[in-house]
Amino acid sequence: MNTQLCVTRRDLLRTSGGALVGLVLAESLLAGRARAWAGEAPEELAPLNRFPRMMQEYLVRRVRGAEALANKARAALKTKADAEKYVESVRRRIRESFGPEPERTPLNPRVTGTVEHDAYTIEKVIFESRPGMLVTANLYIPKGRPFPLPGVVGTCGHSDNGKAEAAYQSFSQALARQGYVVLIYDPIGQGERLQYVNEKLGSRIGVGVYEHLYAGNQQMLVGEFFGSWRAWDGIRALDYLLARKEVDPKHIGVTGNSGGGTMTTWLCGVERRWTMAAPSCFVTTFRRNAENEIPADTEQCPPRALALGLDHSDFLAAMAPDPVIILGKEKDYFDARGVEESYQRLKRLYALLGAEDEIATFSGPTYHGYTQENREAMYRWFNRATGISGAQSEPELTIEKDETLFCTPKGQVAELESQTVFSFTKAKAETLRKGRAKFEDDAIVKKVAEVLKLPAVVPAPEFRILRNLRSRKYPKPHAVTYAVETEPGIQALATLLCDEHHTSRPPRLGKRAVLYVSHLSADAELRDEPLVKELLAAEPGAPLFACDVRGIGESMPDTCGENQFFNRYGSDYFGAVHSLMLDDPMPAQRTRDLLGVLEWLAAYGYEEVHLAAKGWGAIPATFAALASPRVVQVTLKNALSAYSAIAESEDYAWPVSSFVPNVLAHFDLPDCYGWLKEHKLLRQIAPCGPNDAPA
């Protein structure tokens with residue numbers, strides 16, 4: 001099967017979740033099985049995948065290890081002083097993960113209209129969280145009460161209509177009726193703040209999750225974290241709320257559900273002015289999410305969080321000893337065990353601080369959502385913290401039409417020429433590109449090793465010899481596949497094409513070998529990729545090994561649902577973002593795989609390797625070529641032209657598993673290609689631009 005790399009993003013988006021190639025692979029696999037069961041000859045061979053859960057189990061082991069270390073530190077807390085030091089520690093580590101705050105620029109707020117009700121007024125507010133970046137919000141102000149009153153910032157979950165979603169209107173209205181001033185704002189990519197607007201003012205990417213992934217993944221290349229951007233909107237919303245004379249700064253709460261529960265949790269960690277908080281339907285543990293194959297948006301996966309020993313509970317610990325209630329659901333897809341584990345950690349911490357009554361949990365009996373029982377638990381908790389004698393049940397509500405709550409004329413800030421996340425990403429990428437100095441001598445080699453944290457010495461790894469399968473229709477009559485263990489639990493699959501039947505350790509056939517690194521499947525590409533045939537013809541005396549690095553081909557994850565690898569929210573993405581939280585990006589892991597395979601080949605006499613690669617495989621191959629003296633020739637087909645090309649293009653199709661975080665602060669791919677060319681090693685074939693079209 002020949003899977004072409006250079007398809008456009010629009011082609012991928014025509015299928016559900018962008019899973020075009022994944023569906024083709026799955027249909028081929030199922031059809032092949034059906035023919036085999038029926039005793040029929042296969043019309044087309046489905047690509048091999050003998051290690052479909054390897055990446056999942058590897059990541060779970062690493063996440064469990066990170067949690068075990070963090071739990072050991074928590075268990076060591078014995079005194080109030082220990083607890084206070086721990087709170088300071090998590091605040092410091094959270095800031096290390098989220099990065100420094102940007103400059104506080106003028107909010108330039110304006111009220112564009114009002115909606116009058118018997119007990120409250122809704123003001124339609126627009127402010128700038130960053131210069132030119134417009135945030136739309138509704139301010140609910142109680143009537144007939146003496147000011148100042150407690151204030152609450154409301155953060156929205158993944159509702160297409162943002163702040164106008166019925167559940168979010170409900171808690172805003174109910175709090176206002178009980179005597180709270182509430183500011184609820186639209187998240188980036190939802191409500192009136194779509195980033196990728198079409199001619200009908202709809203999203204051409206997909207509202208919510210898909211806009212978050214598309215803008216957030218791209219930001220990684222310039223060292224930004226989308227969760228920090230989202231949290232900054234919440235901080236500036238708080239700035240605006242506190243600027244209102246109606247608000248009492250001694251009582252300031254934050255609450256939200258699902259994605260809004262995420263933001264509530266993160267805001268507890270990065271902002272000190274809250275006096276109470278109620279995150280709903282988010283808090284669990286990173287381990288439970290990893291074990292249960294729960295993908296999370298880019299903003300829900302803080303960089304290096306696991307490596308820094310952080311978990312969901314730690315963002316709430318940063319609030320200690322102020323009152324926090326964790327709201328969950330018994331039928332949620334977020335694991336209820338994680339809710340309880342987080343609560344127990346915090347209960348012990350709060351007890352050491354002498355504030356055990358200031359932490360609580362409540363789990364409603366129904367499914368994911370900010371339903372009435374969870375909202376009422378939040379009201380009771382906030383009323384307890386503020387001394388307000390509010391209703392024990394939700395008062396009568398009036399759900400407005402979306403248009404009634406619009407802050408903009410037609411419901412989108414794009415019509416007011418708001419800046420987008422991409423506009424900031426592009427500007428920063430351009431600044432970094434212009435500011436990077438030219439690398440002299442071997443400086444780029446050292447820089448790549450430093451940024452990817454590559455080992456100075458790579459020992460020859462252990463390996464397994466897999467059972468031969470029936471003819472795979474490869475260009476040579478025989479083949480044997482070796483599972484090279486590049487680290488515990490990880491196998492890079494290397495298939496040797498043979499003229500003679502061979503099932504033992506690799507034969508010693510001279511000093512030179514060709515190592516082809518696949519784009520998606522070495523098995524499929526050995527049959528169908530023209531570059532493989534060219535390599536065999538060009539070097540008939542050198543054995544050819546075709547390699548799948550981790551998470552590709554024979555270890556392509558069959559997790560996160562059925563046939564989800566190519567989904568923008570699927571298993572490839574899942575592995576990539578967990579790796580970023582572990583401070584071990586996927587390109588670094590895959591480069592280590594190739595370095596291990598190169599040393600494995602050297603152990604059998606192959607000290608000179610022609611390293612060839614296609615598409616996604618070209619990125620780790622490029623890095624390995626710089627790092628290993630075993631590589632004496634490099635051929636790259638459909639390699640990405642430059643990381644800056646992605647960061648500076650509004651549309652791109654490369655996956656986050658190919659991204660190195662903050663890479664553009666240090667180097668770009670042309671720096672690597674330049675060194676290889678200077679040393680007369682590199683041949684490039686049809687490089688690809690950001691949209692996978694040949695550049």
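The distance linking region 369-433 with region 303-326 is 22 Å (Cα centroid to Cα centroid, whole angstrom).
Based on Cα coordinates alone, diagonalise the gyration tensor for region 115-244, multiply each eigenvalue by 5, take square roots, and list the semi-axes in whole Å, largest first.
Working from the Cα gyration tensor, I get semi-axes of 29, 16, 11 Å.
Based on the reciprocal of the average 1/r between different C-alpha atoms, the Kirkwood radius for region 603-684 equals 13.5 Å. Could you please state, rounded to a whole Å, how far the C-alpha centre of region 120-178 is from the C-alpha centre of region 37-114? Between the Cα centre of region 120-178 and that of region 37-114, the gap is 30 Å. Checking every one of the trypsin sites (Lys or Arg not before Pro) in region 400-467 against DSSP loop status and a limit of 10 other Cβ atoms within 10 Å picks out Lys401, Lys438, Arg467.
In terms of other Cβ atoms within 10 Å, Ser393, Ser228 run from fewest to most in the order Ser393, Ser228.
With a cut-off of 12 Å between beta carbons, the residues surrounding Asp584 carry a summed charge of +4, where Lys and Arg count +1 and Asp and Glu -1. Our summary of shape: the Cα atoms of region 540-695 have principal axis extents of 43, 32, 29 Å, ordered from largest down, in whole angstrom. The spacing between region 217-278 and region 545-576, judged by their C-alpha centroids, is 34 Å. The trypsin sites (Lys or Arg not before Pro) of region 115-165 meeting both criteria, a DSSP state outside H, G, I, E and B (loop) and at most 13 other C-beta atoms within 10 angstrom of the site's C-beta, are Lys143.
Placing one equal scatterer on every Cα of the chain and applying the Debye formula, the log10 ratio I(q)/I(0) at q = 0.06, 0.09, 0.10, 0.11 Å⁻¹ is -0.38, -0.80, -0.96, -1.10.
For the residue pairs Lys124/Lys401; Lys446/Lys637; Lys85/Lys347; Lys447/Lys677, the alpha carbons lie more than 19 Å apart in Lys446/Lys637. The trypsin sites (Lys or Arg not before Pro) of region 250-282 that DSSP puts in a loop, and whose beta carbon has at most 16 other beta carbons within 10 Å, are Arg272, Arg273. In terms of other Cβ atoms within 10 Å, His578, His478 run from fewest to most in the order His478, His578. Other residues within the sphere of radius under 14 Å centred on the Cβ of Leu405, judged by their own Cβ, net out at -4 (K and R +1, D and E -1). Taking the DSSP bridge list for region 439-685 and keeping only pairs wholly inside it, about 45 percent are antiparallel. P(r) tail for region 77-429: Cα pairs beyond 25 Å make up 49% of the total.
Shape of region 204-352 from the C-alpha gyration tensor: oblate (a/c of 1.5 or more and a/b not above b/c, with a ≥ b ≥ c the square roots of its eigenvalues).
Just so you know, all these numbers are worked out from the coordinates, no wet-lab data involved. What you see is a predicted model; the values in this text were computed from it and never measured. Positions of Cβ are backbone-derived with ideal geometry, glycine not excepted, and every protein chain shown enters the neighbour counts.
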